[in-house]
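The values are calculated or read from the model by the stated rules, or taken from the named source; none is laboratory data. Please read all numbers here as calculations on a predicted model, not as lab measurements. Protein only, heavy atoms only, side chains kept; ligands, DNA and RNA dropped before computing areas. Shrake-Rupley method; radii C 1.70, N 1.55, O 1.52, S 1.80 Å.
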Amino acid sequence: MAEIVNLRAARKQKLRSEKEKAADANRVLHGRSKAERLASKAEREKRDAAHDAHRIDRAPETGGKAPEP
């Protein structure tokens, strides 16, 4: 005798498996550990602070506004 298959349930199961495959692919592409994210954030903040420390502020002579070209 043939096995009875609920088509709605089979369709939902197929959709779940496709979503899981996409999630696995995204984990490979975008997955980083918390330590890696924090290290990257600290490095970026340090780099930005060093960059901002070298800025030349010329605004006081124009009344607080940047000079227009």
Practice problem: Report, please, the projected area of the range 1-55 averaged over directions, based on the convex hull of its C-alpha atoms, in nm². | Solution: 6.5
Practice problem: Run the 1.4 Å probe and let me know the accessible area of residue 27, rounded to the nearest 10 Å². | Solution: 130
